[in-house]
Amino acid sequence: MDDIKKEEGKLPQIGLGCMSLPDDFKSSQFLIEKALDLGITFFDTADLYQRGENECNLGKALLGKRDRVILASKVGNQWNAEGTSWSWNPTKAYILQAVEASLKRLQTDYLDLYQLHGGTLEDPWEETLEAFEMLRQQGKIKFFGISSIRPNVIRKVMAMNPPKTIMMQYSPLDRRPEEEVFPFLEKSETKVLVRGSFAKGLLINKPETDFLDLKKDQVREIRQTIVDSGFMPEAVLIRFGLEQKSVGSLIIGASSVPQIEKIMEGYRQSAQVPTELIHRLKADFPANRYEEHR
């Protein structure tokens with residue numbers, strides 16, 4: 001897999017989303033070590049997850065392995081003093097403060113990728129982006145990214161200081177980025193980090209339910225088409241995401257060893273999934289559209 005640590009390089013195509021890791025350290029460590037054994041080197045967390053304990057567990061599990069992995073975290077959601085709720089804070093002062101806490105919890109002196117965990121048009125983008133640039137110059141982060149599904153926010157940030165990555169949801173059940181965002185980003189060096197590739201398991205093995213503007217029956221029909229293809233659902237969904245030119249990596253969560261094993265087996269088999277199947281999925285089912293933040 002390619003390495004984000006090389007400035008001219010690319011992200012590994014598969015990363016482990018750590019939000020679903022168990023709360024207790026030993027269980028979390030076991031899954032992280034299994035992911036490493038299977039070839040996963042890209043780990044994505046956030047200071048929001050488990051009020052920072054997710055970062056703590058990840059950092060502790062990766063002790064002595066830092067040179068082997070790519071670490072990404074996120075910032076912008078500030079917990080209150082009681083730890084009962086959080087508020088949005090994308091200010092320069094908070095980002096510079098929060099990164100120190102994340103570095104300490106992750107037991108590292110730098111992050112490969114530091115992402116703003118959201119964003120609106122009303123945010124103080126000049127100081128937000130200045131904070132990321134300061135951290136990059138100080139060597140505390142290699143690259144910065146944002147996590148946003150909003151086309152208007154993406155256009156604004158791209159015009160000011162294009163990030164290394166933009167994280168957004170994408171799957172056969174959520175094709176909103178196809179309309180505008182993917183074509184727009186194809187013209188740049190910014191790459192998409194896809195989350196939600198398996199649509200919360202609805203396209204794997206979870207009971208069907210409504211999803212965005214799709215009704216339960218439509219979800220069932222899409223899933224059945226994937227099952228009838230003869231390929232692992234995971235392989236089809238991974239190929240579905242990676243087929244997009246603007247997509248650099250899929251961040252996929254797991255909470256058990258079998259899930260991690262299926263992710264990596266699906267990744268290996270995804271190369272065998274024909275492009276025609278992906279095109280048929282897109283042709284036979286309607287694409288969603290953004291109704292807000294256009």
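Observations, loosely collected:
- Residue list for segment 260-280, restricted to those being out of contact with any Asp or Glu (no Cβ under 6 Å at 6 or more places or on another chain), of a type in the set (Gly, Ala, Ser) and within 20 Å of Ile222 (Cβ to Cβ): Ser270
- Residues that are in a loop (DSSP other than H, G, I, E, B), in contact (Cβ under 8 Å) with a residue 40 or more places away in the chain and out of contact with any Phe, Trp or Tyr (no Cβ under 6 Å at 6 or more places or on another chain), drawn from segment 233-265: Lys245, Ala254, Ser255, Ser256
- Taken over segment 262-278, the criterion of being in contact with a Lys or Arg (Cβ under 8 Å, 6 or more places away or on another chain) and closer than 17 Å to Glu33 by Cα is satisfied by no residue.
- So Ser246, is it on the phi < 0 side of the Ramachandran plot, out of contact with any strand residue (DSSP E or B) (no Cβ under 8 Å at 6 or more places or on another chain) and among the small types (Gly, Ala, Ser): no
- Extreme residue, surrounded by the fewest Cβ atoms within 10 Å (Cβ to Cβ), among residues of segment 143-152 that are within 16 Å of Arg195 (Cβ to Cβ) and touching a residue at least 40 places away in the same chain (Cβ under 8 Å): Arg150
- Evaluation of Ala98 against the conditions (1) part of a helix (DSSP H, G or I); (2) under 16 Å from the mean Cα position of the chain (by Cα) shows that the sole unmet condition is (2).
- Meets criteria (at pLDDT 90 or above, buried (at least 20 other Cβ atoms within 10 Å of the Cβ), of a type outside the set (Ser, Thr, Tyr) and more than 23 Å from Pro258 (Cα to Cα)) for Ala72: yes
- In segment 267-294, the residues that are closer than 15 Å to Ser171 by Cα form Cβ pairs under 7 Å with partners that are of a type in the set (Lys, Arg) and at pLDDT 90 or above, at six or more places apart or across chains, as follows: Ser270/Arg239; Ile278/Arg239; Ala287/Arg175; Asn288/Arg175; Asn288/Arg176; Arg289/Arg176; Tyr290/Arg176.
- Residue match in segment 104-118 (condition: assigned to a helix (DSSP H, G or I), in contact (Cβ under 8 Å) with a residue 40 or more places away in the chain, of a type in the set (Asp, Glu) and touching a strand residue (DSSP E or B) at 6+ places or on another chain (Cβ under 8 Å)): no
- Among residues that are on the phi < 0 side of the Ramachandran plot, surrounded by fewer than 19 Cβ atoms within 10 Å (Cβ to Cβ) and either touching a Lys or Arg at 6+ places or on another chain (Cβ under 6 Å) or modelled with pLDDT of 95 or more (or both), Glu180 is not included.
- Contact map, segment 18-44: first residue under 17 Å from Cys56 (Cβ atoms), second residue among the small types (Gly, Ala, Ser) and exposed (fewer than 15 other Cβ atoms within 10 Å of the Cβ), Cβ cut-off under 7 Å, separation 6 or more or different chains; pairs are Ser20/Ser255; Leu21/Ser255; Pro22/Ser255.
- Just one of the numbered conditions (1) loosely packed, with under 14 Cβ neighbours inside 10 Å; (2) modelled with pLDDT under 95; (3) not hydrophobic (A, V, I, L, M, F, W, C) is not true of Gln272: (2).
The values are calculated or read from the model by the stated rules, or taken from the named source; none is laboratory data. As the structure is a computational prediction, the values presented were derived from the model and not from experiment. As a convention, Cβ positions derive from the backbone with ideal geometry for all residues, glycine included, and neighbour counts pool all protein chains shown.
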